[in-house]
Amino acid sequence: MDNLKGLTIKKFSEGLRDKEFSATEVTKSLFDYIDSKDKEIKAFLSLHKDDALARAGEVDAALASGEKLSSLAGVPIAIKDNMLIEGSIATGGSKILKDYKSSYDATVIAKLKENKAVFLGKTNLYEFAMGSSTENSAFQITRNPHDVSRVPGGSSGGSAAAVASDMAVAALGSDTGGSIREPASFCGVVGMKPTYGAVSRYGLMAMASSLDQIGPFGKTVEDAAILFKAIAGYDSKDATSFQTDYGDELTNPSLADIKNLTVGIPEEYFVEGLDKEVGEAIDKVIAEIKNLGLKVKPVSLPHTKYALSVYYIIMPAEVSTNLSRLDGIRYGTREAAKNLTDLYYEDKGAGFGPEVKRRIILGTFVLSAGYYEAYYAKAQKVRRLIKEDFENVFKSGVDVILTPVAPTPAFKIGEKTDNPLHMYLSDIFTIPLNLAGLPGISIPVKGRGAKLPIGFQLIGRPWREADILGLGQIYERA
Ligand code: GLN
């Protein structure tokens, strides 16, 4: 099969319906392609060939018997390896879980199974999703399909690279501080972090529970919308999930639907450190959006400068408690230890990589008696101010906020591994949304030709994914 390039959910489901190909054919071709291509990209940690072909076969049989199927039926999807698929290994990118077999399906997986999607395999990530480049997985370094000397972004770099190189039609990632949007920007695909609570976190390995959200990667905004709609919704197994009725407006927007939106441009996001090329690319997008007839106006989010500091207190605090379950008893590898103390020291010492240890130590520190008030409690207060900044802008009549996704295009492999702070700065424009719980999407700036991709970010009001997906689809079509 030679039409894998640029194969979207939309084209796949039309081709399937028109009998241009079968789900089995596409799945087989994809695995052949992955077998050669992924030697270079290293996006996948495991392939689920038997399961995928069995699922594709079921879809073909259902079609032959005239069953009416969802637009995700048979669609080959890649899943970040921090989400559970029953019966298969889920490593979280960590040595400590290298043999961990999932005993149940994450809710997003169960929902995709209802839609008869096909799971190609699990994708690489920065260990436990803690980083922006996918270099520090315990297993391999994933490379950017646009330039293999560069990183794909992270932590969902495997999912982004798989979609960007046409090894998967779409993918799921998770985003705690930018891990869907930054790799989407670096790899030239679409990635969305939904409103906190829109998608169940059940079966997602928890990093920082008040920030984590699962979201879609697609080759188009429309595909991201289709996938998001399928995974969203209340789940009794995640107390922070919420039911919203996302109607057809997510996938079928018209210019009339979005023309009356007002777009805000926050001055705090166009400061020193922003790469000139990124700034120019965003200016082009702003001009195009004005051409569509939307109102664009400057806005201010004055507490933006504290977001990174707040994130690096709250996130590690939650990481340190969440990862304490990897104690070598319930989860984790267990080496022969003489006593309990040795068990803790030896397993975690050998099982966790340096970034994970750094965050556990930071988190334990900011939660410790004596420092809790000064760091953790203070950070929560500033988090509130950051959230109120956004609320004030939305109250002033702005519906969507437009910003860069990352300060630079994809950087070189090895460029930021020596200095964690440099790595942390890649997320300066994505982190505020996680702190405020808002939806945000990264969309490739059009017309960059052979140059490295750059994404722009649209931020919406809570539960208004329709606005950012709608505007994104109109921009994409225009
Ligand atoms: N890169 C950010 C971090 O290192 C965000 C990670 C994420 O969103 N999972 O924490």
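In segment 210-225, the residues that are of a type in the set (Asp, Glu) reach residues that are part of a loop (DSSP other than H, G, I, E, B) and within 16 Å of the ligand (Cβ to nearest atom) with C-beta atoms within less than 8 angstrom, at least six apart or across chains, in these pairs: ASP212/THR176; ASP212/ARG201; ASP212/ALA206. If you take the residues in segment 102-124 that are part of a loop (DSSP other than H, G, I, E, B) and in contact with a helix residue (DSSP H, G or I) (Cβ under 6 Å, 6 or more places away or on another chain), which one is surrounded by the most Cβ atoms within 10 Å (Cβ to Cβ)? Top of the filtered list is ASN124.
For every residue, the table says whether it meets (1) closer than 23 Å to PRO453 by Cα; (2) modelled with pLDDT of 95 or more; (3) in contact with a helix residue (DSSP H, G or I) (Cβ under 6 Å, 6 or more places away or on another chain); (4) surrounded by fewer than 24 Cβ atoms within 10 Å (Cβ to Cβ).
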position	(1), (2), (3), (4)
SER133	yes, no, no, no
ASP166	yes, yes, no, yes
PRO183	yes, yes, yes, no
GLY197	no, yes, no, yes
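Applying the set (1) closer than 26 Å to ASP166 by Cβ; (2) away from the ligand (no atom under 16 Å from the Cβ); (3) assigned to a loop (DSSP other than H, G, I, E, B); (4) in contact with a Phe, Trp or Tyr (Cβ under 9 Å, 6 or more places away or on another chain) to SER137 leaves exactly one unmet item: (2).
Any chance segment 302-314 includes a residue that's at pLDDT 95 or above and either of a type in the set (Gly, Ala, Ser) or more than 22 Å from PHE429 (Cβ to Cβ) (or both)? Yes, some residue in segment 302-314 is at pLDDT 95 or above and either of a type in the set (Gly, Ala, Ser) or more than 22 Å from PHE429 (Cβ to Cβ) (or both). The residues of segment 38-50 that are part of a helix (DSSP H, G or I) and within 17 Å of PHE217 (Cβ to Cβ), listed by number, are ASP38, ILE41. The residue that is farthest from the ligand (Cβ to nearest atom), counting only those in segment 303-344 that are farther than 30 Å from ASP389 by Cα and among the acidic types (Asp, Glu), is ASP342. Scanning segment 290-311 for residues that are part of a helix (DSSP H, G or I) and touching an Asp or Glu at 6+ places or on another chain (Cβ under 8 Å) turns up PRO302, HIS303, THR304, LYS305, LEU308, TYR311. PHE365 meets all of the listed conditions (1) closer than 30 Å to SER324 by Cβ; (2) of a type outside the set (S, T, N, Q); (3) modelled with pLDDT of 95 or more; (4) within 16 Å of the ligand (Cβ to nearest atom) but one, namely (4).
The values are calculated or read from the model by the stated rules, or taken from the named source; none is laboratory data. What you see is a predicted model; the values in this text were computed from it and never measured. Using ideal geometry, Cβ is built from the backbone for each residue, glycine included, and neighbour counts are taken over all protein chains shown.
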